[in-house]
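Data block below; observations after.
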Amino acid sequence: MRLPERTGDQLRIGVAITVPEPYGTALQQARARFGDPLAREIPPHITLLGPTVIDPEDLDDVSAHLARVSTTARPFVVHLRGTGSFRPVSPVVFVQVVQGIAECERLESAVRSGPLAQELRFNYHPHVTVAHEVSEPALDRAFDELTTFEARFVVSRFEFYEHGDDSVWRPVRDYLLTGSGARARTTAPDARADVRS
């Protein structure tokens, strides 16, 4: 993972949709099985804003911005199913988002504006990383083992993360999705996780 450099008392932050239980633990354990050294440092998530450095005096503006963004979206269902990979461009295997893509894209675009505006290295593609920068055989194993993984859950919030000096990403604030507009479907039938050991 590329982490932007911090200077002085700057903060390294991120914004994400955290994968809820029991799916989060299942994916984190799988990532550890594949030998990914970041498995215990990064909770399973769908990124809305990758690692970003801000000055402490900008924290209030960023928080106000995220609070505004949270009022523009209603809860929605995410369906995760099967695997994909960014190889050969990047040594990453991920679980695919097959429902909720448009909602994630709108949230990402709104988050990555105002005080958090920045250019992306790659086009945004919502996903949940399960193996990164491990050996090719480990990437193959991750791709194959999680082919049958499936989970559905309601996204009712996103989280503001800080990257600690111990290299662990921790959620420090939730932003509830309270937007008005067309009624959203907020049930996730047949929710299940299927992870082969």
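Any read-out appearing in this document is the output of simple, stated calculations on the displayed coordinates, not a laboratory observation. Please read these numbers as outputs of a predicted model, since none were measured by experiment. Note that each Cβ is placed from the backbone with ideal geometry, even for glycine, and that neighbours are counted across all protein chains shown.
Taking the Cα centre of the chain as reference, the dipole from Cβ charges on Lys and Arg (+1) and Asp and Glu (-1) amounts to some 760 debye.
Note on Phe86 and Glu41: their simple-model spin labels are 1.6 nm apart, each label 7 Å out from Cα toward Cβ.
Among the GluC sites (Glu not before Pro) in segment 75-179, those placed in a DSSP loop whose Cβ has at most 14 other Cβ atoms within 10 Å are Glu119, Glu133.
In percent, rounded to a whole number, the relative contact order of segment 11-176 is 33, using alpha-carbon pairs under 8 Å and six or more apart. Each of Asp58 and Asp174 was given a label point 7 Å from its Cα along the Cα-to-Cβ line. The distance between the two points is 2.8 nm.
Less than 19 Å from a label point 7 Å out along the Cα-to-Cβ axis of Thr147: which backbone N atoms in segment 95-131 qualify, by residue? Of the residues in segment 95-131, 95-98, 130-131 have backbone N under 19 Å from the label point off Thr147. Database remark: amide H of His127 closer than 5 angstrom to the amide H of Thr47 (H placed geometrically; neighbours at sequence offset of 5 or more, or on other chains; Pro and chain starts carry no H). Sequentially through segment 130-135, phi angles give Karplus couplings (6.51, -1.76, 1.60; θ = phi - 60°) of 10, 7, 8, 6, 10, 5 Hz, Gly and Pro residues having no value and appearing as x.
Would you work out if the chain is rounded, prolate or oblate? Take a ≥ b ≥ c from the square roots of the eigenvalues of the alpha-carbon gyration tensor; rounded if a/c is under 1.5, else prolate when a/b is larger than b/c, oblate otherwise.
Oblate is the answer for the chain, as a/c is 1.5 or above yet b/c matches or exceeds a/b.
Among the chymotrypsin sites (Phe, Trp or Tyr not before Pro) in segment 111-182, those located in a DSSP loop and surrounded by at most 11 other Cβ atoms within 10 Å of their own Cβ are Phe122. Computed extension length for Arg121-Asp140: 4.4 nm, one decimal, from 0.36 nm per residue of separation with the Cα-Cα distance subtracted. Straightening the chain between Asp9 and Ser113 buys 35.1 nm, computed as 0.36 nm per residue apart minus the Cα-Cα spacing. The stretch between Ala32 and Glu162 holds 44.6 nm of extra length on full extension. This uses 0.36 nm per residue minus the Cα-Cα distance.
Could you list the residues of segment 79-118 with an amide nitrogen less than 14 Å from a label point located 7 Å from the Cα of Glu133 in the Cα-to-C-beta direction? Within reach of a label on Glu133, which here means backbone N under 14 Å from a point 7 Å along Cα→Cβ, segment 79-118 contributes 90-93.
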